[in-house]
Amino acid sequence: MSTRRTAARLAAAATTAALITSCSAGHDTAEKTPGRPRTAPVADAGSNIDKSAWPKAVPDTGLAKGLSLPLQAYMQTYEDTVTLDNAERHLETSCMAGYGFHVTFPPAGQTPPPSADDANMPRRYGITDRALAEKYGYGLPEESQRQQGTKMPDLTQDQVEVLTGRTGIRGNLADPAPKAAPGSYRGKQIHKDGCAGWADDRLGTRDLDFSLLSELDGRSLTQSQAAPAVQNAITAWSTCMGTKGYTVATPYDADKVVPHVDMNPSQEEINVALADIDCKKATDLVRIWFDAESTIQRQQIEDHRSELDALRARNTDALAAAKTALNG
């Protein structure tokens, strides 16, 4: 099922599910009065999320500025993911209310990842942003490293069963598959895979599978690294690094030249990172590698066009359904 988003959100909350006896939605509940809860808390709260920290779909700084690989046209962006997450949470809240539960999930988009999609263009060929390297060496920006995660509501066992359609959950939801929940709660039938599954069906995200895309994306990177033009550029980059006093064979090994400490890079680490980027610029490594991989990906798209087009169409339809749910 495509309740992966719900499972990820509840993993932390589920660790205490067996200990909770109240039907309260927890510390993040907006209101605790009885009756049907507001059914659009996510849309309202989401409007206050600071999107300035969200990763750009296409890098706008560094050596990867403006670069977007062909397969990225089929990938789910972070903005897509947030939209779908918020719609799913909104629908789950409405569904849970039908069982008498007042559960409000926090809006998505509060803990953005370093890159907008699986391609990870800013670091696909190693680090590429000199301004970031001057501050963090090979580390991520401070706001990415200090994220604490989103506080999820504490749920009772009954609430977990209605939400997921599973019972016996204790601790991490990734534990061996729990058993199916009873067929109904207080006389009302529980949806297949609970309210989370119902939300997936409303959005069309059940079994929305990007594994083929991920496989092709990984394969193109591996294949492109072996391309003669890329190998020559990597050799030139390695030679350049040697002239700066660093012996390293590939950009993927550069962060091992000196020990790395998150949020506290040494000056030596910063020096290596700057040399790394300067040598990439001098040898045009990023552009050469990008061009070689783009050629491979265009062929992959031709070879798998029907599957990829179908995947993109499903994602587009899901996003349209999500926006309808959030605005309805």
Would you check which residues across segment 61-84 are surrounded by fewer than 20 Cβ atoms within 10 Å (Cβ to Cβ), farther than 22 Å from residue 105 by Cα and either among the hydroxyl-bearing types (Ser, Thr, Tyr) or modelled with pLDDT under 95 (or both) and list them? 61, 68
What tally of residues in segment 119-150 results from selecting those that are at pLDDT below 75 and loosely packed, with under 15 Cβ neighbours inside 10 Å? 7
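Condition (residue is among the acidic types (Asp, Glu), under 30 Å from residue 81 (Cβ atoms) and part of a loop (DSSP other than H, G, I, E, B)) applied to segment 248-258: is it met by at least one residue?
Of all residues in segment 248-258, those among the acidic types (Asp, Glu) come to 253, 255.
The next check asks that each one be under 30 Å from residue 81 (Cβ atoms); those that pass are 255.
Going one step further and asking which of them are part of a loop (DSSP other than H, G, I, E, B), we end up with none.
No, that holds for no residue.
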Do we find a residue being surrounded by 13 or more Cβ atoms within 10 Å (Cβ to Cβ), out of contact with any helix residue (DSSP H, G or I) (no Cβ under 7 Å at 6 or more places or on another chain) and small (Gly, Ala, Ser) anywhere in segment 262-269? yes
Within segment 237-254, take every residue that is buried (at least 19 other Cβ atoms within 10 Å of the Cβ) and hydrophobic (A, V, I, L, M, F, W, C) and give me the one that is farthest from the chain's Cα centre (by Cα). 240
Are any residues in segment 87-141 more than 29 Å from residue 186 (Cα to Cα), part of a loop (DSSP other than H, G, I, E, B) and hydroxyl-bearing (Ser, Thr, Tyr), and if so, which ones? 111, 115, 125, 128, 138
Candidate set: segment 274-328, residues that are touching a Gly at 6+ places or on another chain (Cβ under 8 Å) and acidic (Asp, Glu); chosen: the one farthest from residue 125 (Cα to Cα): 317
Screening 212, 155, 163, 203 for residues that are exposed (fewer than 15 other Cβ atoms within 10 Å of the Cβ) and at pLDDT 90 or above leaves only 212
Candidates 296, 234, 288, filtered to the one that is at negative phi, of a type in the set (Val, Ile, Thr), surrounded by 13 or more Cβ atoms within 10 Å (Cβ to Cβ) and in contact (Cβ under 8 Å) with a residue 60 or more places away in the chain: 296
Of all residues in segment 43-60, count the ones that are surrounded by 19 or more Cβ atoms within 10 Å (Cβ to Cβ) and either at pLDDT 95 or above or of a type in the set (D, E, K, R) (or both). 1
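The values are calculated or read from the model by the stated rules, or taken from the named source; none is laboratory data. These numbers were taken from a predicted model, which means no experiment stands behind them. All Cβ positions, even for glycine, are placed from backbone atoms using ideal geometry, and neighbour counts span all protein chains on display.
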